[in-house]
Amino acid sequence: MTNRQTKSRIDWVSSSCRLLAEIEREFSRTRPFENLTIGTGIHLEPKTAVLLCTLKSGGARVVATGNLNSTQPETVDYLLSHDIEVIAEQTIDQSVHDLSLNQIIAEKPDLLLDNGGDLFACYAENPYPNFLGGTEETTSGRMRLQPMRDELIKPILVINDSPIKQFAENRHAVGQSIFESYMRLTNRSTNGKRVTVFGYGACGRGVAANFRNANSVVSVVDVDPVTTLEAHLDGFRTPERRDAIRDADVIITETGAFNVVTADDLPDFKDGVLLINGGHFPTEIAVSDLAESASVIQRELFEEQGIETLRLDDGRSVHIICDGHMANLAGPRPLGNSIESMDLGFALQARCLEYIARGKATEADCVVPVPASIDADIANAYLALNR
C-alpha cells in the first residue's frame, strides 16, 4: 500500500522554491555567514520561512521580526521549530511593532534584511561597531533611506531596484496577487468594473494590466506627467484625479506615498466604491481620516472577509479592504505573491547578503541597486532550471 503523508502549506512552498533550494545546498558547504547574526524585518509568511532557513544553512544566527498585519502564526511556529529566533506577533499596533524592531537591533546583528526601512532607521538611532550592512526589499524603504545615507554609511543593497525584482515580482506577481486578493476577499466580478489605479510604477503597471485583462475599464493616476503619458500610450484611461475617483467602482493604491486617498475625497466617491491598498505601508489610504469623518454615521465590519463598510449620511457606502494594509498579505488566508517570483526575489536577497558578508561591497554602496553581476547570476540560474 502506498504511504500517504499530510504536508503543510510551508512544505508546498519549500518544495517549489527551486532557486533557494540550490542556494541552500551551496550555503551548507560554503558557510558564508559563519559566526554572523542576521536580523530580519520582513513579512513572516511561508516563502519568507524558506529564505530564513536558507540563511541559517549558511551559518547565520537569524533573529527575525515581521511587518504590521502580515505575521502568520504557522510561519512563526515553523521558524521556531527550525531554531530561528522570532520576536514577532500578528499586530496592527505600531507601538508593539516598534518594540519588536528595537529588540532585533538590541541583538546587534552584523547584517540586516529589511522591508520598509524600519530596522535601518532603528540602527541609525542606535549604531554599533560590528554592523556590516544589509539589504532593503522595497521602493518604500529606499525612499525612506536615501535621505539617511550620511547617517548609515554602510553597504545597503536595494533589492527592489533590481530589474528582476521590478518585472518578475512587482509587475507580474504583485499585479496577479492584488487581483487574486480582490477576487478572494470580495467575491465580486471584475467584468465591466471601473478600476482606478493610483501609481504607475512596476506594481501599478501589473495591477492595471491584470484588471484590464479581466475585462475591467482601467484608469491610471500618477503625479508624474511622463509616467501618465506612458500609461496613456499603453492604452489606459488617464483622467484628471477627481474624475478618476468619481468614476471608480474600485480604487487601488500602489504609490509608496502617504495619504493618497483621504476624507477630502469622500464627496467624490461613487456609492459602493471599494478601496484597496497594495503599497507596503498602511498609510496610502487614510483609513482613520475616512472613518472619523463627520459624514460617516455607521461602521460595519465584515470580519470574515476583512472588509469594513462606512455608511455615509447621504446613503452612500464606502468599503475599505483589510483596514488599508497590503491586501495580498492581510485578511483571510493571505497568500502574497507567487512562489516563483519570491524565489527569484529571495535568491537576490541571499546573494546580496553573501556579497556583503564576503566584503565585496563598500561604504559607497549605500542605498544602491543590486550589482549587475548578481542579477545576471540569478537570471542564468532561473533559466537553467526552467527552460
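The values are calculated or read from the model by the stated rules, or taken from the named source; none is laboratory data. Please read these numbers as outputs of a predicted model, since none were measured by experiment. Here the Cβ positions follow ideal geometry from the backbone for every residue, glycine too, while neighbour counts run over all protein chains shown. These area figures cover heavy atoms from the full protein model, side chains too; ligands, DNA and RNA do not enter into them. Shrake-Rupley method; radii C 1.70, N 1.55, O 1.52, S 1.80 Å.
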Problem set entry | Residue list for the stretch 113-126, filter: open to solvent by less than 20 Å² (accessible area, probe 1.4 Å) and of a type in the set (S, T, N, Q) | 115
Exercise. Any chance the stretch 290-304 includes a residue that's in a loop (DSSP other than H, G, I, E, B) and within 25 Å of residue 44 (Cβ to Cβ)?
Worked result: yes
Exercise. Restricting the stretch 184-201 to residues that are open to solvent by 70 Å² or more (accessible area, probe 1.4 Å) and part of a loop (DSSP other than H, G, I, E, B), which is farthest from residue 236 (Cα to Cα)?
Worked result: 187
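Report whether or not residue 207 is under 16 Å from residue 257 (Cβ atoms), in a helix (DSSP H, G or I) and open to solvent by less than 10 Å² (accessible area, probe 1.4 Å).
Values: under 16 Å from residue 257 (Cβ atoms): yes; in a helix (DSSP H, G or I): yes; open to solvent by less than 10 Å² (accessible area, probe 1.4 Å): yes.
Judged against the criteria, residue 207 is a match.
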For this session: Could you list all residues from the stretch 92-117 that are over 19 Å from residue 46 (Cβ atoms) and in contact with a His (Cβ under 8 Å, 6 or more places away or on another chain)?
Result: 92, 116
Problem set entry | Subset of the stretch 1-33 (residues that are closer than 27 Å to residue 73 by Cα, at pLDDT below 95 and not in a helix (DSSP H, G or I)) | 4, 5, 6, 7, 8
Problem set entry | Members of the stretch 283-292 found to be over 12 Å from residue 310 (Cβ atoms) and surrounded by fewer than 23 Cβ atoms within 10 Å (Cβ to Cβ), listed by number | 283, 286
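Here is a yes/no grid of residues against (1) open to solvent by 70 Å² or more (accessible area, probe 1.4 Å); (2) of a type in the set (Phe, Trp, Tyr):
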position: 67; (1), (2): no, no
position: 97; (1), (2): no, no
position: 111; (1), (2): no, no
position: 128; (1), (2): no, yes
position: 140; (1), (2): no, no
position: 153; (1), (2): yes, no
Problem set entry | Failed item in (1) assigned to a loop (DSSP other than H, G, I, E, B); (2) in contact with a strand residue (DSSP E or B) (Cβ under 8 Å, 6 or more places away or on another chain); (3) on the phi > 0 side of the Ramachandran plot, with residue 323 passing the rest | (1)
For this session: List every residue pair whose Cβ atoms lie under 6 Å apart, where the two residues are 6 or more positions apart in sequence or sit on different chains, the first residue falls within the stretch 1-29 and is more than 16 Å from residue 48 (Cα to Cα), and the second residue, located anywhere, is assigned to a helix (DSSP H, G or I) and of a type outside the set (Val, Ile, Thr).
Result: 27/57; 28/57
Exercise. Which condition number in (1) out of contact with any helix residue (DSSP H, G or I) (no Cβ under 6 Å at 6 or more places or on another chain); (2) more than 23 Å from residue 331 (Cβ to Cβ) is the one that residue 293 fails?
Worked result: (1)
Problem set entry | Flag for residue 230 being closer than 28 Å to residue 379 by Cα, acidic (Asp, Glu) and surrounded by fewer than 18 Cβ atoms within 10 Å (Cβ to Cβ) | yes
For this session: Pairs only if they're at least six apart or on different chains, beta carbon under 7 angstrom, first in the stretch 257-282 and more than 16 Å from residue 308 (Cβ to Cβ), second hydroxyl-bearing (Ser, Thr, Tyr) and assigned to a loop (DSSP other than H, G, I, E, B); list them, first residue then second.
Result: 258/283; 259/283; 279/255; 280/138
Problem set entry | the stretch 119-147, subset without any contact (Cβ under 8 Å) to a residue 60 or more places away in the chain and assigned to a helix (DSSP H, G or I), residue nearest to residue 41 (Cα to Cα) | 120
Exercise. Out of curiosity, is residue 288 in contact (Cβ under 8 Å) with a residue 12 or more places away in the chain and more than 16 Å from the chain's Cα centre (by Cα)?
Worked result: no
For this session: With respect to residue 272, determine if the residue is of a type in the set (Gly, Ala, Ser), modelled with pLDDT of 95 or more, surrounded by fewer than 21 Cβ atoms within 10 Å (Cβ to Cβ) and touching a His at 6+ places or on another chain (Cβ under 8 Å).
Result: yes
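What number of residues within the stretch 34-77 satisfy the criterion of being part of a helix (DSSP H, G or I) and either touching a residue at least 12 places away in the same chain (Cβ under 8 Å) or in contact with a Gly (Cβ under 6 Å, 6 or more places away or on another chain) (or both)?
So the answer is 16.
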Exercise. What do you reckon, is residue 215 open to solvent by 50 Å² or more (accessible area, probe 1.4 Å) and among the polar types (S, T, N, Q)?
Worked result: yes
